[in-house]
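The values are calculated or read from the model by the stated rules, or taken from the named source; none is laboratory data. All figures in this text were calculated on a predicted structure; none of them were measured in a lab. Positions of Cβ are generated from backbone atoms using ideal geometry, with glycine treated the same way; all protein chains shown enter the neighbour counts.
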Amino acid sequence: MRLEGIHHITAITADAPRNVEFYAGTLGLRLVKKTVNQDDPTVYHLFYADEIGSAGSDITFFEYPGARRGRAGAGMVYRVVWRVGSTEALDFWERRLGDAGVTSERTEANLLFSDPEDLELELAVVETTDNVLVADHPEVPAELALQGFDSVRAHTDDPSRSAAFLESGTGFRPESETVYESRGDQRGSFYIYDVTDRPGAGGAGTIHHVAWASPLDEHEAWRQRVLEAGGRPTPVIDRFYFRSIYFREPSGVLFEIATIGPGFATDEPLEHLGERLSLPPAFEHLRDEVEPILTPLPDPRPARA
């Protein structure tokens, strides 16, 4: 039983309109679901991914308007790394980001930059047999587009504290004391530690949690495995688009194990994902209450038409 790498990564924004413009515009991802935070339905939960909303490509944001800027520290994921297919792709993104006023740092195989709220992002040239997870954007040639997640980097003050749990509880394979691979039958990605004792503070521009992908029929077994390894998972929570359990790994990072499916086309056609506010059935009765208080968003479709 193996997790299929990263399912999604969830972060916090204080400015949803600018967030849409950056991730659906500049980075060329597709806004595949515009919904609410199911634990606080007065705020957005925005999902950006490849063209069909695949697990492994999905970065999501809770919007808390006016939230103070956070600071990544020990016990927090602090960087998202996407795959690209070539150094020519890095050339393209270095130019595109520069044209958008985004400063980047380039090496032969990587490009490091930050989003408008200083969340660290990286593009890495990666050779893999995994499926390429690409969004369709008119300004981004498919062969140069982001191809799904390669890894996340997290801060810890002591990576050895988590080693036994990551191997037994989540089935990660260690490559070193600080690098672990989560790889299933279809897909994989990496979980990488950098050591610091600096305390962190959640807020805009920080990552709330990282979710790892489980086949639907293995989800309960994963909860039991986490329990047996000493974790304290929540009960299974039905998020409508997927099912979830949450727990903290020993370094303090909030993990989720999320199912692959049912998927984002459960309540709207694939060709119209993200065009309207989607509310799961349990939240539909709140539509008249929440729609007026949510931040008006730019339409990402003109950038993709």
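Structure summary
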{"read-out": "Whichever residue in region 108-119 is farther than 15 Å from GLY28 by Cβ and at pLDDT 95 or above and, among such residues, is nearest to the chain's Cα centre (by Cα)", "value": "LEU119"}
{"read-out": "Condition check for ASN110: among the polar types (S, T, N, Q), more than 23 Å from PRO262 (Cβ to Cβ) and touching a residue at least 12 places away in the same chain (Cβ under 8 Å)", "value": "yes"}
{"read-out": "Residue match in region 206-216 (condition: farther than 24 Å from GLY274 by Cβ, touching a residue at least 12 places away in the same chain (Cβ under 8 Å), surrounded by 20 or more Cβ atoms within 10 Å (Cβ to Cβ) and not hydroxyl-bearing (Ser, Thr, Tyr))", "value": "no"}
{"read-out": "Selection count where residues are crowded, with 23+ Cβ neighbours inside 10 Å and closer than 30 Å to GLU88 by Cα, scope region 151-179", "value": "2"}
{"read-out": "Scan of region 250-287 for residues that are out of contact with any Leu (no Cβ under 8 Å at 6 or more places or on another chain) and part of a loop (DSSP other than H, G, I, E, B), ordered by number", "value": "PRO250, SER251, GLY252, VAL253, GLY263, ASP267, GLU268, PRO269, GLU275, ARG276, SER278, PRO280"}
{"read-out": "Residues (closer than 17 Å to ILE9 by Cα and not in a strand (DSSP E or B)) located in region 136-158", "value": "LEU146, GLN147, GLY148"}
{"read-out": "Matching strands (runs of 3 or more DSSP E) fully within region 1-106 where at least 3 residues are under 18 Å from the mean Cα position of the chain (by Cα) and at pLDDT 95 or above", "value": "6-13, 30-37, 40-49, 58-63, 76-84"}
{"read-out": "Options VAL80, VAL32, VAL36, VAL20; residue that is touching a Pro at 6+ places or on another chain (Cβ under 6 Å) and either buried (at least 20 other Cβ atoms within 10 Å of the Cβ) or more than 16 Å from ALA265 (Cα to Cα) (or both)", "value": "VAL20"}
